[in-house]
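Encoded as structure tokens, the structure appears first; notes follow it.
The values are calculated or read from the model by the stated rules, or taken from the named source; none is laboratory data. Quick caveat: nothing in here was measured; it's all calculated off a predicted structure. Cβ placement follows ideal geometry from the backbone for every residue including glycine, while neighbour counts extend to all protein chains displayed. Ligands, DNA and RNA are excluded from the accessible area calculation, which covers all protein heavy atoms including side chains. Shrake-Rupley method; radii C 1.70, N 1.55, O 1.52, S 1.80 Å.
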Amino acid sequence: MSSVELLCFDLDDTLWAATPVLLRAEALQYAWLQEHLPRLAAAHDIDSMQARRRALMRERPALAHDFTALRRVAMAELCAACGYDPALGDAAVEVFLEARSAVTLFEEVDEVLRDLRRNYRLASLTNGNTDLVRAGVAQYFDYMLSPADTGCSKPDPRMFEAVMARAGVAASAMVHIGDQPWHDIEGAHRAQVRAVWLNRDGRAWPEGPRRAHAEIASLRELRAALEGLQDTNGETSPA
């Protein structure tokens, strides 16, 4: 195979299950609001606060790719509308962010990342806002990028290009691993990067995105998948 130097990992649903984490974080934040900002909690439920953030994304596109900044601005507006100091919204957001980063890693993650670091540099590339120090995986990654750093989100190729620039590698020296056919695999294609689809649940490939260069059901299969990739400068025909 070509000389792969950098392995780039998605986070949500690649290293941990995202849905239970997000649901718990929203619930804990709402419970905090009920206790500390009861007028806001009486005026809004979780769904209506999410709707306000979606509307704010349309109104202020510069916030669309930075979920933490978006959440802070939306919460400050809701506080003001309910007669509270907007600065109180930051405390509510911190409750969410702490819970957002309290993840449970898939059982093979620590072992595999520790092993891969012996031969590769590792990067994380997420559309989310997990704090990797709080999540307990920051020590594995040489580079950690999110939309807050790049001003865009996957599948925009600039996300992948930002990782390559940070690491000083060409597209042919990087492989991206993720669970999302569109954000991860199609995004990697757009950046001329080879991609491995982590398909833990045996899903069928959807119409639209270009297929991955390799497919695995567990990160334990990643080394074998890497060995099977051919040296074609990131343009290997997908499996």
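Summary of values
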quantity: Probe 1.4 Å, accessible area per residue of the range 1-70, Å²; calculated: 50
quantity: Angle in degrees between helix 88-100 and the longest Cα principal axis of the chain, rounded to the nearest 10; calculated: 30
quantity: Alpha-carbon gyration tensor eigenvalues x 5, square-rooted, for the range 157-212, Å; calculated: 22, 11, 8
quantity: Loop GluC sites (Glu not before Pro), the range 173-219 (other Cβ atoms within 10 Å of the site Cβ: 15 or fewer; DSSP); calculated: Glu207
quantity: Sum of -39500 (n - 2.57) over DSSP H runs of 4+, divided by residues of the chain (222 nm, nearest 500); calculated: -12500 deg cm²/dmol
quantity: Degrees, to the nearest 10: 67-81 long Cα axis against longest axis of the chain; calculated: 10
quantity: Distance between modelled label sites at Trp182 and Asp110, nm, 7 Å Cα→Cβ extension; calculated: 3.5
quantity: C-alpha long axis of helix 157-167 to longest principal axis of the chain, angle in °; calculated: 70
quantity: Rh by Kirkwood over Cα pairs, then Stokes-Einstein D for the chain at 1.306 mPa s and 10 °C, µm²/s; calculated: 84
quantity: Cα centroid separation - the range 101-166 against the range 56-99, whole Å; calculated: 24
quantity: Prolate/oblate/rounded call for the range 92-213, Cα gyration tensor, a/c under 1.5 rounded; calculated: rounded
quantity: Per-bin percent of Cα-Cα distances, the range 96-147 [5 Å]; calculated: 4, 19, 27, 28, 16, 5, 1, 0
quantity: Area of Ser153 that stays accessible when all protein chains are in place (1.4 Å probe, Å², to 10); calculated: 30
quantity: Accessible area expressed per residue, the range 82-239, with surrounding protein chains retained (probe 1.4 Å, Å²); calculated: 44
